[in-house]
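The values are calculated or read from the model by the stated rules, or taken from the named source; none is laboratory data. It should be emphasised that the depicted structure is a prediction, and the values quoted were computed from it without experimental measurement. All Cβ positions, glycine included, derive from the backbone under ideal geometry; neighbour counts span all protein chains shown.
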Amino acid sequence: MKKNFLLLFCFISSFVFSQEYHFDYKCYDNETQIKGEYKGNKRINIIYFNSKNKDLMAYDYYFSQQPLRSFLLYNFETNNLFSYSINHKSEFSSLNLIHSFPIKIYQDEIKIERVDVEEVSGNIWIIKAFPSQKSKKSKLELKVVLEKSDFPMPRIRFMDLSPNIHNKIYDALLSKLVSTNYQIIKLSVLLPITKMV
């Protein structure tokens, strides 16, 4: 993830309340939809973070065949998700609130009870996720390249799995670091999910 000093000001009005959110860096993610309504379409995701508050995160994305962009703002501190629509070329001042709702906790896609983290070199780590404490075969393996930073690592989504799995991986990785002041430069999946729950 490359640090980009982007000051993004989103003004959100819901009923009579107004809240201002600030994001000061972002990363890009490109993907191809493998199922569903937009199967085969490319998608560009821009993920925004706040270096002072790891509980704020936003996703700005659109499918290649979709006329509107989607903007999702997560506030994990209040457990709220705000969903907006925005034209492809619009500025953020023209965000249109679609709805807001509590962040849903989905059932885990795979069973993960143990996460092992091993340092390969000074900035490369291997993460292995196991279905039980005694398991010898991992269900998921990741390679993470880190870089020291001036601010704490945000609670980033590593992959398309439930927040519970993300939290286990995130907490296990942070427990091995000398401080929380790191950023993820690159993440690779070494061993994909082998079986769903």
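Per-structure values
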read-out: Checklist (1) touching a residue at least 40 places away in the same chain (Cβ under 8 Å); (2) of a type in the set (D, E, K, R); (3) more than 21 Å from LEU56 (Cβ to Cβ) applied to ARG155, failing item; value: (3)
read-out: Segment 93-126, residues that are more than 20 Å from ASN79 (Cα to Cα), surrounded by 13 or more Cβ atoms within 10 Å (Cβ to Cβ) and at pLDDT below 85; value: LEU95, GLU109, ILE110
read-out: Cross-chain or 6+ apart pairs with Cβ under 8 Å, segment 171-187 first and of a type in the set (S, T, N, Q), then assigned to a helix (DSSP H, G or I); value: THR180/LEU174
